[in-house]
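The values are calculated or read from the model by the stated rules, or taken from the named source; none is laboratory data. Predicted model only: the values in this text are computed from it and were never measured. Every residue, glycine among them, receives a Cβ derived from its backbone with ideal geometry; neighbour counts consider all protein chains shown. Note: areas computed on protein heavy atoms with side chains; ligands, DNA, RNA excluded. Shrake-Rupley method; radii C 1.70, N 1.55, O 1.52, S 1.80 Å.
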Amino acid sequence: MYKLHRGDALTVLKTLPDESVNAVITDPPYNSGGRTSSERTSRDARAKYVTSGSAHDLQTFPGENRDQRAYRSWLTDLLTESYRASTEHAVAMVFSDWRQEPTTSDALQMAGWTWQGTIPWIKPASRPRKGGFKQSAEFIIWGTKGTLDHNRDLYLPGHFSASQPRKDRLHITQKPLEIMQQLVRICPENGTVLDPFTGSGSTGVAALCEGRQFVGVELSPHYADIAEQRLLQTMQQIRTQDDFVLAGPEA
Ligand SMILES: C[S@@+](CC[C@H](N)C(=O)[O-])C[C@H]1O[C@@H](n2cnc3c(N)ncnc32)[C@H](O)[C@@H]1O
């Protein structure tokens, strides 16, 4: 089951009941992509994150123009509401890039989460950098509400390697499903994963495929429509598979 809210993440998060979700897995607008504050705050997501000559013509998305202090304060508020809405032992996982990693780990801790680590996501297809080191990784900053649940027999990797989807890509900053499907396993089976920045719905699709429930929020009507379609399609596929298993292949 899933519920997709259309609107502003902070406004919607405030309406969620206390202790109603078991994991927060999200990929907020990074508010990065520029050497100077004016480059970061004046350009939209497409101008920042899509290289010239790119094969796709995907729409931009909102929320990319906060300066550093505004970003930290906003992310702290979001993670504070997420904390309130989470159960004991819940895990929060927040994507970031190298520039915003320190701010993101500050915001996570200021919101009450216990910072547990930073997981590198290696992108093999990243561009070479003349005269310097390739920026071939993004990061998942993660923390817990209280402690990890030590009663679970669960062992997950400490890093991931996968390229962003190329074929049939739906969102400028779409995350690889194979990574998301591993991340959502941090949520107990049948538990609920929250993603306040749903985008094209990758976290939600992964959650449903792995037998978890999903609550998402997306501000852009364009991307909310895409997420809704992907989530519906996933639910239909799961129902068809379940019918097949119940009835057997001969039916
Ligand atoms: C980095 S993208 C997420 C991409 C997603 N992980 C995927 O695989 O498609 C962030 C998303 O947050 C949305 N967004 C920006 N500001 C928002 C806000 N205040 N409330 C809810 N969603 C917002 C953007 O429209 C964008 O789709």
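Side notes on the structure shown:
- Accessible area per residue in Å² at 1.4 Å probe, computed on the stretch 2-247: 50 Å²
- To the nearest 10, the accessible area of Glu189 is 140 Å² with a 1.4 Å probe.
- Comparing Ser163, Ser20, Ser126 in a Gaussian network model of the chain, where Cα atoms under 10 Å apart are tied by springs, the biggest mean-square fluctuation is seen for Ser126.
- Considering only Gln181, Gln241, Gln109, the Gaussian network model of the chain with Cα springs below 10 Å gives its largest mean-square fluctuation to Gln241.
- Cut-off under 5 Å, modelled amide H: who pairs with Arg66 long-range: none
- Note on the stretch 2-247: with charges restricted to the Cβ of Lys and Arg (+1) and Asp and Glu (-1), its dipole about the Cα centre is near 1060 debye.
- Counted charge near Lys14, where neighbours are those whose Cβ lies closer than 14 Å (Asp, Glu -1; Lys, Arg +1): -3
- Euclidean distance of C-alpha centroids, the stretch 162-192 and the stretch 1-33, integer Å: 16 Å
- Here the accessible area is traced with a 1.4 Å probe on the protein chains. For the chain, carbon and sulfur cover 51 percent of it.
- Cα centroid separation - the stretch 222-251 against the stretch 49-85, whole Å: 30 Å
- Computed log10 I(q)/I(0) for the chain at 0.12, 0.16 Å⁻¹: -0.69, -1.25, from the Debye equation with unit scatterers placed on every C-alpha and solvent omitted.
- Residues considered: Tyr49, Tyr155, Tyr223. Largest GNM mean-square fluctuation over the chain, using C-alpha springs under 10 Å, is found at Tyr155.
- Heavy-atom accessible area order for Trp121, Trp98, largest first, 1.4 Å probe: Trp98, Trp121
- The distance between label points at Asp149 and Arg46 comes to 4.2 nm (points 7 Å beyond Cα on the Cα→Cβ vector).
- The residues Arg212, Arg84, Arg69, sorted by heavy-atom accessible surface at 1.4 Å with ligands and nucleic acids left out, run Arg69, Arg84, Arg212 from largest to smallest.
- Partner lysines whose Cα lies under 23 Å from the Cα of Lys167, excluding those fewer than 8 positions away in the same chain, are identified as Lys48, Lys123, Lys175.
- Think of the stretch 2-247 as having a plus end and a minus end, set by charges on the Cβ of Lys, Arg, Asp and Glu; of Thr118, Gln236, Ala92, Thr118 sits farthest toward the positive end of this dipole.
- The chain: antiparallel DSSP beta bridges as a percent of all, rounded to 5: 45 percent
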